[in-house]
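Only one structure is covered here, and it is reproduced in the block below.
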């Protein structure tokens, strides 16, 4: 355990505090941001960094091969799946006409996917 090395305890505490901060920011982003696309961005970016820091702190604290491997595999899995899940959520939200924020000025997909009759069956764009 980390109790016998003071600088390691400080590293674990710093990782936990930073991870907690980023997880708080992710939660705050989900509550405060205006539309699903922006909320999804906040939750995946800040949430992934926060969880990565917390699992990094756990790996530093326990310092055994099994716990470090579990933490590393969990972070790798999260880094591999979070962007794919975020993309799928954003695409599904856009195609089902979930309203965008009134502050959204540029819609590069307009007429291509789901909105305004566009999409694979209505006139252009990839599936």
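The values are calculated or read from the model by the stated rules, or taken from the named source; none is laboratory data. Nothing here was measured: the structure is a model prediction, and the numbers come from that model. Cβ: placed from backbone, ideal geometry, glycine included. Neighbour counts: every protein chain shown.
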In the list 64, 104, 96, 68, which residue meets the criterion of being at pLDDT 85 or above and either farther than 30 Å from residue 6 by Cβ or touching a strand residue (DSSP E or B) at 6+ places or on another chain (Cβ under 6 Å) (or both)? 96
Please count how many residues of segment 24-35 are in a helix (DSSP H, G or I), surrounded by fewer than 18 Cβ atoms within 10 Å (Cβ to Cβ) and in contact with a helix residue (DSSP H, G or I) (Cβ under 7 Å, 6 or more places away or on another chain). 2
Looking only at segment 65-101, count how many residues are free of Cβ contacts under 8 Å to residues at least 24 places away in the same chain and in a loop (DSSP other than H, G, I, E, B). 2
